[in-house]
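Here's the structure, in structure tokens; my notes come after.
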Amino acid sequence: MRRAVVIGATGHVGTYLVPRLVRAGYDVVAVSRGGRAPYHDAPEWRSVERVVADREAEDAVGTFGARIAALRPDAVIDLICFTAESARQLIDALRPTRPLLLHCGTIWVHGRTARIPVTEDEPRTAYGDYGTGKVAVEDLLHRETLAGGVPSVVLHPGHISGPGWPVITPAGNLDPQAWRKLATGAPLALPFLGLGVLHHVHADDVAQAFERALTRPAAIGASFHVVAEQAMTCRGLAAGVAGWFGREPVLDLVDWSQYEQRTGAEHAGTTREHVERSIAASIDRARTVLGYVPRYSSLDAMRESVRWLAEHGQLDLGGAVLA
């Protein structure tokens, strides 16, 4: 039986990936800080070895990589690596045994794109700490693989969505009022004519891609986008969400200063981060090499999250009911 170590196992992707790996016959070690349970329970978790580790603290003293190597993995799925230094510590510790290393990146390795859909071969144009950090990790892992060291695969998800946590709204932020407005027919303000582009993906589809990458030797040394079949504009998403409630969206297409005044600086800043990038990512390589077939559209993924939030009293839909 192959042994897979999942770092960040109880997070968005790990919640779905760990049960998938158990069902596929892997001996799974789930590494997490131990602060919370997976987003939803599954019987497969009962057969998983659990390891509690604070990666940030252990990276600071240089012990985290050795801890993972001591688990004797055939494969390591790293869902929570954000800096090249953290990745370097891990690959240095894994190099003697060379297990397959799968890394969770982000489509934000792309910044402002010139061609859409953007492919994995486009020059990296990331900006901001998150995106540039993921580019540095990606570069490091690919150099390591080419040098004959630890073999790696990099997967770049879009805006990860699903039940159990808030997701990016059609306005490109996390303001829950967007859902209520679309559900009740209240006006929703959108900047840039509502033409900003978002590319969501359900967490289980990301898990599907990681599971497939474990058994695709042709994937080693490459990067893959993992997103829904199609990206959507903000106004397209708004129309889709309003349609869940039998409505047409009421949209106020406003300039940026008006949008910021109406939404507030925090939510407006998040919107700007998303719509300035407006990434629509190609999944052709993931289809061909991994056999990736997303089960969920962007709207399907959002709907699962909104339904869960409403059913658990974490979202006010103004009396509207989501079937």
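Points to keep in mind about this one:
- Unique match (being more than 17 Å from Ala207 (Cα to Cα), of a type outside the set (D, E, K, R) and within 21 Å of the chain's Cα centre (by Cα)) among Phe64, Phe82: Phe82
- Residues (at negative phi, hydroxyl-bearing (Ser, Thr, Tyr) and outside any helix (DSSP H, G or I)) located in region 263-314: Ser282, Tyr292, Tyr296, Ser297
- Some residue of region 177-191 being outside any helix (DSSP H, G or I), under 22 Å from Phe82 (Cα atoms) and of a type outside the set (D, E, K, R): no
- Scan of region 22-37 for residues that are outside any strand (DSSP E or B) and within 23 Å of Ser86 (Cβ to Cβ), ordered by number: Arg33, Gly34, Gly35, Arg36
- Scan region 274-313 for residues that are over 30 Å from Arg212 (Cβ atoms) and in contact (Cβ under 8 Å) with a residue 12 or more places away in the chain and the total you get is 3.
- Taking the numbered list (1) open to solvent by 40 Å² or more (accessible area, probe 1.4 Å); (2) under 23 Å from Ile160 (Cα atoms); (3) touching a residue at least 24 places away in the same chain (Cβ under 8 Å); (4) out of contact with any Ser or Thr (no Cβ under 9 Å at 6 or more places or on another chain) in turn, Glu229 passes all entries but (4).
- Per this entry, Val76 is not counted among residues that are modelled with pLDDT of 95 or more, assigned to a helix (DSSP H, G or I), closer than 28 Å to Glu49 by Cβ and not basic (Lys, Arg).
- Conditions (1) in contact (Cβ under 8 Å) with a residue 12 or more places away in the chain; (2) in contact with a helix residue (DSSP H, G or I) (Cβ under 9 Å, 6 or more places away or on another chain): number failed by Gln258: (2)
- When residues of region 110-165 are limited to those that are of a type in the set (D, E, K, R) and not in a loop (DSSP other than H, G, I, E, B), the one nearest to Phe224 (Cα to Cα): Glu138
- Out of Leu146, Leu195, Leu182, sole residue that is in contact (Cβ under 8 Å) with a residue 40 or more places away in the chain, surrounded by 23 or more Cβ atoms within 10 Å (Cβ to Cβ) and over 15 Å from the mean Cα position of the chain (by Cα): Leu182
- Checked against (1) at pLDDT 95 or above; (2) aliphatic (A, V, I, L, M); (3) open to solvent by 40 Å² or more (accessible area, probe 1.4 Å); (4) not in a helix (DSSP H, G or I), Ala57 passes all but condition (4).
- Hey, Thr271 open to solvent by 40 Å² or more (accessible area, probe 1.4 Å) and within 30 Å of Pro123 (Cβ to Cβ) or not: no
- Test: residue in region 52-59 that is within 21 Å of Leu100 (Cβ to Cβ) and small (Gly, Ala, Ser): yes
- For His156, the stated conditions hold: it is in contact (Cβ under 8 Å) with a residue 12 or more places away in the chain and either of a type in the set (A, V, I, L, M) or crowded, with 19+ Cβ neighbours inside 10 Å (or both).
- Contact map, region 30-44: first residue closer than 9 Å to Pro19 by Cβ, second residue aromatic (Phe, Trp, Tyr) and open to solvent by less than 60 Å² (accessible area, probe 1.4 Å), Cβ cut-off under 9 Å, separation 6 or more or different chains; pairs are Pro38/Tyr16; Pro38/Trp45; Ala42/Tyr16.
- Qualifying position, being open to solvent by 30 Å² or more (accessible area, probe 1.4 Å), free of Cβ contacts under 8 Å to residues at least 24 places away in the same chain and more than 30 Å from Ala42 (Cα to Cα), among Asp121, Asp139: Asp121
- Complete set of residues in region 159-197 that are touching a Ser or Thr at 6+ places or on another chain (Cβ under 7 Å) and either polar (S, T, N, Q) or under 11 Å from Arg235 (Cα atoms) (or both): Ser161, Ala171, Gly172, Asn173, Ala189, Pro191, Gly194, Leu195, Gly196, Val197
The values are calculated or read from the model by the stated rules, or taken from the named source; none is laboratory data. Not measured: the values here are computed from a predicted model. Every residue, glycine as well, gets a Cβ built from its backbone with ideal geometry; the counts of neighbours run over all protein chains shown. Each accessible area value is taken on the protein alone, full model and side chains, heavy atoms only, with ligands, DNA and RNA left out. Shrake-Rupley method; radii C 1.70, N 1.55, O 1.52, S 1.80 Å.
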